[in-house]
Each structure stands twice: as structure tokens, then as C-alpha cells.
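The structure under discussion appears below in the form of C-alpha cells.
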Amino acid sequence: MTRRRVLLALGAGLLALLASVAAALLLGPQPVSLQAALAGVEPDHAILLGLRLPRVILGALVGAALAAAGVALQALLRNPLAEPFVLGVSGGAALGGTAALAAAAAAGPASLVGAVVGSGASVALGASIGAAASTALVFALGRIGGKLVPEAALLVGVVFNAFAAGVITVVKVLVPPEEAARLLYWLMGAVGYADPGTLVTGAVFVAVAVAVLVAASAQLNLLSLGDDEASSLGVDVGRSRGIVFLAASLATGAAVALAGLVGFVGLIVPHLLRRVFGPDHRILLPASVLFGAAFLVLADAAARMAFLPLGSEPPVGALTALLGGPLFLWLLRRTERSG
Amino acid sequence: MTRASSHPAALAALALAAALGAGPWPASAADPLPRGEPTWLGPTAPPRPTRVVSLAPSLTDTVVALGMADRLVGVTRYDTAPEVTSLPRVGGFLDPSPEAVLGLRPDLVLWLADGGAFPAVRRIAELGVPVLALPVVGVPDVLRAARRVGAALGNPAAGERLAAEMEGAVRAAEERASSLPRRRVLLVIGRDPLVVAGPGSYPDALLRIAGGVNVVKGERPWPVYSLERAVADDPDLVVDAAVNEPADTIVRLAAIPAVKAGRVARLPDDRVLRPGPQLPAALEQLQQALKAVR
């Protein structure tokens with residue numbers, strides 16, 4: 001029964017992803033013809049396959065990672081408002097990535113240390129470590145009388161975000177101006193133009209994190225019942241929580257390293273899916289991976305289209321915040337009423 | 001500074017980074033921005049390009065000054081030169097749209113090398129469009145850019161002429177400067193927060209030539225300056241280059257004795273901030289300002 005529903009959800013997710021990829025490939029400020037592109041006619045070929053396709057892949061990776069991390073954090077915190085951006089996990093990742101970049105800039109980009117520390121894998125690793133540290137902080141300080149209080153944890157996350165933003169501002173002053181410009185561009189939350197090597201490294205990080213979370217999705221069901229209930233049902237709560245926690249941090253770290261601070265994807269996507277497919281994490285998690293990818297690919301295409309009226313592309317993070325901010329507030333009001 | 005290609009340690013590091021499967025990420029520090037000498041990205045440009053996209057107003061000015069405005073097919077949304085008002089816009093100096101650039105099928109892209117736009121511009125070059133990256137910081141860079149853009153457009157003589165013209169203006173300004181008293185100047189670029197031109201910035205270089213002394217010390221070209229510090233610096237003259245802000249809001253800086261005493265010279269436009277062929281006019285503006293105050 002569940003298997004059929006999982007397959008149904010996956011099928012729907014796959015269809016959504018394919019549809020959004022097709023739309024994103026064909027939509028943009030520059031009209032292009034698919035036929036011409038496939039026949040190798042320029043500039044259609046370069047725009048479709050050289051610009052839009054890598055961006056679609058990047059958007060899909062980031063969307064999948066953030067949505068999966070959102071579901072995992074919501075299960076751990078037992079609160080639908082938990083989300084990497086709101087909880088300060090993205091902020092921690094940004095801080096970790098910034099530290100790696102600043103260290104590389106300090107060592108000199110042409111030096112051996114600079115090149116290794118500034119490489120994509122190091123930035124992603126730094127971001128993942130920052131994400132893990134901030135998750136640990138949020139879960140440790142979000143306890144009152146030994147019990148995890150979601151509202152307290154969320155507050156810790158918000159405050160930590162502000163703190164991380166402050167530290168990043170100071171780092172921005174310390175690095176050379178041209179590095180500061182790059183840092184700013186990265187943190188804005190834009191799905192930009194990554195080369196194939198970056199996409200492959202990013203895909204590996206995201207695939208590992210997502211695979212671990214999907215494998216742990218049955219345990220997430222039990223963990224979301226509460227620690228006592230989960231351990232009475234035979235779950236090694238500490239161990240399971242630790243694994244989920246690390247995988248969510250890795251997913252967030254990779255997403256932030258790839259596209260900076262794109263907020264609320266982990267809130268919007270799981271929320272909509274929960275309404276359609278219900279709260280079972282065995283369905284919710286894999287579906288979030290696919291729908292998260294589809295969502296961000298589509299949102300980024302919309303950001304790209306905004307070039308026509310605006311003359312500039314807003315970063316996709318601005319669009320997701322535009323949608324996610326009000327949704328967060330609405331969810332907050334609703335949980336308040338039901339509680 | 002293209003040392004990276006000749007430095008064995010850098011080569012080893014690049015090889016290691018490649019071995020790690022770590023290509024440059026959007027914000028990666030592993031691939032340094034072009035600096036110093038202008039460099040080519042992507043394929044070689046044709047000897048006489050006819051579809052040119054300029055990604056900076058000062059480079060547009062250069063092409064116009066070279067008398068080749070008709071070769072331009074796209075500019076930034078900040079471009080205001082009358083010769084390019086009807087041209088398509090490809091985004092801003094910091095946020096060019098690669099799609100809009102490629103859509104114009106350019107055979108040459110002129111880029112004022114900058115960190116924010118680097119990933120997008122690198123991708124444009126990778127997709128087969130010749131990009132001339134021009135790091136322009138100081139006055140020598142402006143002269144070099146004129147020569148290099150002239151050569152890239154297939155008319156090195158025009159580039160040489162423009163550069164010589166600007167060089168002549170610099171020398172003339174230096175001569176005039178020798179008869180001027182050396183005023184201590186604070187160059188205000190933005191008011192809220194107070195941003196000033198520091199050592200290493202383009203206006204600082206112009207001020208030096210014009211015969212002024214910048215009161216701002218330190219290493220940052222565009223520091224957010226403390227008002228207290230500005231008061232303590234006690235400049236003879238405040239040059240108000242914040243042309244996008246209303247002139248009268250300078251009273252916010254009235255704590256600076258020079259502002260209080262009305263020793264403020266407001267610049268009529270943003271020429272001192274556009275490292276390009278506006279150089280002679282910018283020097284003249286600054287010297288006017290220095291002369292105006294007793």
C-alpha cells in the first residue's frame with residue numbers, strides 16, 4: 001500500500017521535475033528555438049545548452065538538497081516551521097564557506113594553500129561544517145529544562161543568523177575589495193553559472209546527503225513522534241538523530257556552497273507536499289527531493305525572465321523569500337491557533 | 001600579474017585542485033581575477049570586430065572616443081552616452097546577463113574586470129565569445145585600456161592617438177598643478193554612510209595629478225569613513241563627488257570644519273569616477289575645485 005503511494009508520489013515528482021526542466025530550458029529573456037539549438041545553430045545552441053542547461057542542473061541540485069534538509073529538520077524539531085534558512089543552518093553554512101574563502105584569500109589565490117583551501121570541495125566542506133555546528137548550537141540551546149522546545153530553537157536560529165551576518169560583514173571588510181564583491185554575489189542566493197567540475201562535485205555531495213536522508217526516512221517517522229516514543233519503539237534515538245543531523249547539514253552546506261543563501265525552499269516544498277501526500281516521511285522525503293528540484297528550477301527560470309521588465313536578474317533567493325516569508329507567517333499563525 | 005601561469009607551486013596547486021574534482025565554484029577563490037595587464041578570455045577575436053558588447057560605461061566611452069560607436073551592439077543599463085541610447089541593454093556592470101549578451105551574437109566583449117560579474121563573464125568566454133578583460137584601477141590602466149581597445153577593434157593608431165591625447169592632458173594638468181597651492185582634500189563619494197576615495201582609488205590618482213593631497217590614509221580604496229576621523233583630518237577642501245545625492249544634504253557633514261565654512265566644491269557629474277576618456281575633463285573639474293577655494 002505504502003509502496004504504491006511512494007511510487008505514485010515519485011512518479012508525480014518526476015513529471016513535475018521534467019515539466020519544470022522543459023519550461024526552464026525554453027524560457028528566458030532571449031527567445032531561442034529548440035530545433036535550431038539541437039542543429040547547432042548559434043547563439044541558440046550556446047544559450048540553451050551552455051547557459052540554461054547547467055543552470056537548470058545547479059538549481060535542481062540546490063532545490064533537492066534544501067527541500068530534503070527542510071523535511072529532516074522539521075522531523076527532528078517536530079515543527080513544520082523548521083527550515084535550514086530560518087533555523088540558522090544556512091547562516092552557519094555561509095559562515096563556514098566564507099571562512100574557507102577568506103582563508104584562501106589570505107593565503108593568496110596563487111599559492112598552493114590558497115588554491116586548495118579555496119577549491120570548491122573545501123568551500124563546500126567548510127559550509128557543511130558550519131551548517132553542522134549551527135545545527136548543534138540550535139538543538140543544544142533550544143532546550144529548556146532538558147526538553148527541546150521548537151519555538152526556542154527557532155529563536156536561537158534567528159539570532160544565530162543575525163550573528164553570522166555580522167561576522168560575514170566584518171570578513172567582507174577584511175578581504176580585498178574584489179574578493180568582497182565575489183563574496184557578496186555568492187551570498188545573495190543566486191543560481192549562477194557553474195562549470196561541469198563544480199556541478200559534478202556538488203552532485204556528489206547532494207546525492208550522498210539525500211541518499212542518507214531517504215534511507216533514514218522510516219526512522220524520521222518514529223523520531224517525529226518524540227524521543228521517548230521512538231526509543232520505546234526500538235530506535236537508537238541518539239544515533240539516528242545524529243545521522244539525520246549530519247546528512248541535513250551536508251545537504252545544506254552543499255546547497256549554500258553552490259548558490260549562497262536561498263531561503264524558504266525547505267519550508268514551501270514540504271508544506272505543500274504534506275497537504276497532498278500526508279505526513280509519512282517515507283513518501284514526503286523522496287517527494288521533497290524531486291519537487292524541491294522542480295520548484296527551484298522553475299523559480300530560477302522566473303528570476304531569469306524578470307530580466308525583461310527589470311533589466312536585471314534578481315537572485316532566485318529574493319523570489320523564494322518573497323513566497324516563503326508570508327507562508328512562514330501564515331504557518332506560524334495557524335500553529336498558534338491549533339496549539 | 002599573470003604569475004599564476006609561470007609559478008610552479010601555483011601550477012601544482014591547480015593540478016591538485018583539478019585532481020580533487022574541484023572546479024571553481026561560484027565564489028571560489030581558486031581562480032584569481034584578471035589583474036594588471038589586460039587579458040583575453042575565450043577564443044581570439046577577429047582582426048576587425050564589428051559586433052561589440054561593452055560591459056562598462058567607461059569602456060563604452062572609450063569605444064565612442066575612438067570614433068567606433070557604430071561597432072557597438074550592446075551596452076549596460078547605466079550607459080548614457082548619446083551615441084548608444086538606442087542600443088539594447090545587457091544588464092549592469094555587476095550583473096550582466098550572459099543570455100542577453102550571447103543573443104546579440106557579439107564577436108568581441110569588453111569587460112572591466114570585476115569580481116561580481118566574473119562567473120557570468122567567464123561562462124560567456126567559455127561559450128566561444130572573445131572577451132577582453134581590462135583591469136582598470138589607475139591612470140596608467142586608462143591609457144593602456146585605450147590602446148588595447150583600439151588594437152582589439154583593429155585600429156591601433158586610433159588607440160594610440162587617444163592615449164597620447166590623455167597623456168598630454170595629464171602632463172598639462174601636472175604643470176598647472178605646480179603653480180597651485182597644495183590643498184588637503186577629502187573626496188566624498190557617498191554620504192550615508194560616508195564613503196570617501198582612499199589611496200589606490202581612481203579619484204585619488206586624479207587628485208594627485210591635479211595637485212591636491214588626499215587626507216585619507218590607509219590601504220582601502222573606498223573606505224566607509226568615520227565622520228570623527230574626517231573632522232580630525234581637517235581638510236582644506238571637501239570635494240563632493242556624490243553627484244547622485246542632492247547637493248544640500250552635504251550639511252549632514254557640517255561637523256567637518258571645511259563643510260561648516262562652506263569650503264565645499266560640488267562636482268557637476270560623475271567624471272572623476274569613470275576611468276576612461278573623460279580623464280582630461282575630470283582633471284579640469286578637480287583643478288577648478290582646487291582653485292575655487294582660497
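The values are calculated or read from the model by the stated rules, or taken from the named source; none is laboratory data. Note that the structure is a prediction, hence the values are computed from the model and not measured. Reconstructed Cβ throughout: ideal geometry from the backbone, glycine too, with neighbour counts over all protein chains shown. With ligands, DNA and RNA removed, areas are computed over all heavy atoms of the protein, side chains included. Shrake-Rupley method; radii C 1.70, N 1.55, O 1.52, S 1.80 Å.
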Original post:
Under 8 Å by Cβ, and 6 or more places apart or on different chains, what pairs join a residue from segment A:213-239 that is at positive phi with one that is charged (D, E, K, R) and not in a helix (DSSP H, G or I)?
Top reply: A:226/A:78
**OP:** Please specify each residue of segment B:183-201 satisfying the condition of being at pLDDT 90 or above and open to solvent by 70 Å² or more (accessible area, probe 1.4 Å).
**Re:** B:184
**OP:** Inspect all residues belonging to segment A:79-91 and state whether any of them is more than 22 Å from residue A:165 (Cα to Cα), modelled with pLDDT under 90 and either part of a helix (DSSP H, G or I) or within 17 Å of the chain's Cα centre (by Cα) (or both).
**Re:** yes
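Condition (residue is away from chain A (no Cβ under 14 Å), in contact with a Ser or Thr (Cβ under 7 Å, 6 or more places away or on another chain), closer than 26 Å to residue B:151 by Cβ and modelled with pLDDT of 90 or more) applied to segment B:29-38: is it met by at least one residue? Spell out the reasoning first.
Within segment B:29-38, the subset away from chain A (no Cβ under 14 Å) is B:37-38.
Right, trim to in contact with a Ser or Thr (Cβ under 7 Å, 6 or more places away or on another chain) and you get B:37.
Narrowing further to those that are closer than 26 Å to residue B:151 by Cβ: B:37.
Imposing the further condition that a residue be modelled with pLDDT of 90 or more reduces the set to none.
Scanning segment B:29-38 turns up no residue that is away from chain A (no Cβ under 14 Å), in contact with a Ser or Thr (Cβ under 7 Å, 6 or more places away or on another chain), closer than 26 Å to residue B:151 by Cβ and modelled with pLDDT of 90 or more.
Counting just the residues of segment B:272-294 that are in a helix (DSSP H, G or I) and charged (D, E, K, R), which one comes out least open to solvent (accessible area, probe 1.4 Å)?
Applying the first criterion (in a helix (DSSP H, G or I)) to segment B:272-294 yields B:272-273, B:279-292.
Filter once more, keeping what is charged (D, E, K, R): B:284, B:291.
Details: B:284: 103, B:291: 119 Å².
Result: B:284.
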Original post:
Among the residues of segment A:73-85, is there at least one that is open to solvent by less than 50 Å² (accessible area, probe 1.4 Å), within 13 Å of chain B (Cβ to nearest Cβ) and in contact (Cβ under 8 Å) with a residue 24 or more places away in the chain?
Top reply: no
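Checking the condition over 27 Å from residue B:112 (Cβ atoms) and at pLDDT 95 or above, which residue from B:215, B:231 passes?
Details: B:231 fails: at pLDDT 95 or above.
B:215 is the lone residue from the list that is over 27 Å from residue B:112 (Cβ atoms) and at pLDDT 95 or above.
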Original post:
Within segment B:48-154, which helices (runs of 4 or more DSSP H) (wholly inside it) include 1 or more residues that are buried (at least 24 other Cβ atoms within 10 Å of the Cβ), at pLDDT 95 or above and away from chain A (no Cβ under 13 Å)?
Top reply: B:57-65, B:139-152
Subject >> Unmet criterion (only one of (1) modelled with pLDDT of 95 or more; (2) part of a loop (DSSP other than H, G, I, E, B)) for residue B:269 >> reply: (1)
Subject >> Exclusive hit being in a loop (DSSP other than H, G, I, E, B), of a type outside the set (A, V, I, L, M) and open to solvent by 10 Å² or more (accessible area, probe 1.4 Å), set A:286, A:279 >> reply: A:279
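Yes or no, residue by residue, for (1) under 30 Å from residue A:288 (Cβ atoms); (2) over 27 Å from the mean Cα position of the chain (by Cα); (3) in a helix (DSSP H, G or I); (4) within 14 Å of chain B (Cβ to nearest Cβ):
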{"residue": "A:5", "(1), (2), (3), (4)": "yes, no, yes, no"}
{"residue": "A:12", "(1), (2), (3), (4)": "yes, no, yes, no"}
{"residue": "A:16", "(1), (2), (3), (4)": "yes, no, yes, no"}
{"residue": "A:23", "(1), (2), (3), (4)": "yes, no, yes, no"}
{"residue": "A:31", "(1), (2), (3), (4)": "no, yes, no, yes"}
{"residue": "A:36", "(1), (2), (3), (4)": "no, yes, yes, yes"}
{"residue": "A:42", "(1), (2), (3), (4)": "no, yes, no, yes"}
{"residue": "A:49", "(1), (2), (3), (4)": "yes, no, yes, yes"}
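I need the full set of residues from segment A:161-170 which are touching a Gly at 6+ places or on another chain (Cβ under 6 Å) and open to solvent by 30 Å² or more (accessible area, probe 1.4 Å), in order please. Write out each step before concluding.
If we filter segment A:161-170 for residues that are touching a Gly at 6+ places or on another chain (Cβ under 6 Å), which is where we start, we get A:161, A:164.
Once the filter is applied, which keeps residues that are touching a Gly at 6+ places or on another chain (Cβ under 6 Å) and open to solvent by 30 Å² or more (accessible area, probe 1.4 Å), segment A:161-170 yields only A:161.
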Subject >> Criterion: open to solvent by 20 Å² or more (accessible area, probe 1.4 Å), free of Cβ contacts under 8 Å to residues at least 24 places away in the same chain and farther than 22 Å from residue B:126 by Cβ - qualifying residue of A:49, A:38, A:18, A:14 >> reply: A:18
Original post:
Of all the residues that make up segment B:106-124, how many are more than 19 Å from the chain's Cα centre (by Cα) and under 10 Å from residue B:74 (Cβ atoms)?
Top reply: 1
**OP:** With the checklist (1) modelled with pLDDT of 90 or more; (2) away from chain B (no Cβ under 14 Å) in hand, flag the one item residue A:338 doesn't pass.
**Re:** (1)
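Out of curiosity, is residue A:199 at pLDDT below 95, in a helix (DSSP H, G or I), of a type outside the set (Gly, Ala, Ser) and touching a Pro at 6+ places or on another chain (Cβ under 7 Å)?
Values: at pLDDT below 95: yes; in a helix (DSSP H, G or I): yes; of a type outside the set (Gly, Ala, Ser): yes; touching a Pro at 6+ places or on another chain (Cβ under 7 Å): yes.
So residue A:199 passes the test.
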Subject >> Selected residue (only one of A:206, A:191, A:123 is within 8 Å of another protein chain (Cβ to nearest Cβ), buried (at least 22 other Cβ atoms within 10 Å of the Cβ) and either touching a helix residue (DSSP H, G or I) at 6+ places or on another chain (Cβ under 7 Å) or not aromatic (Phe, Trp, Tyr) (or both)) >> reply: A:123
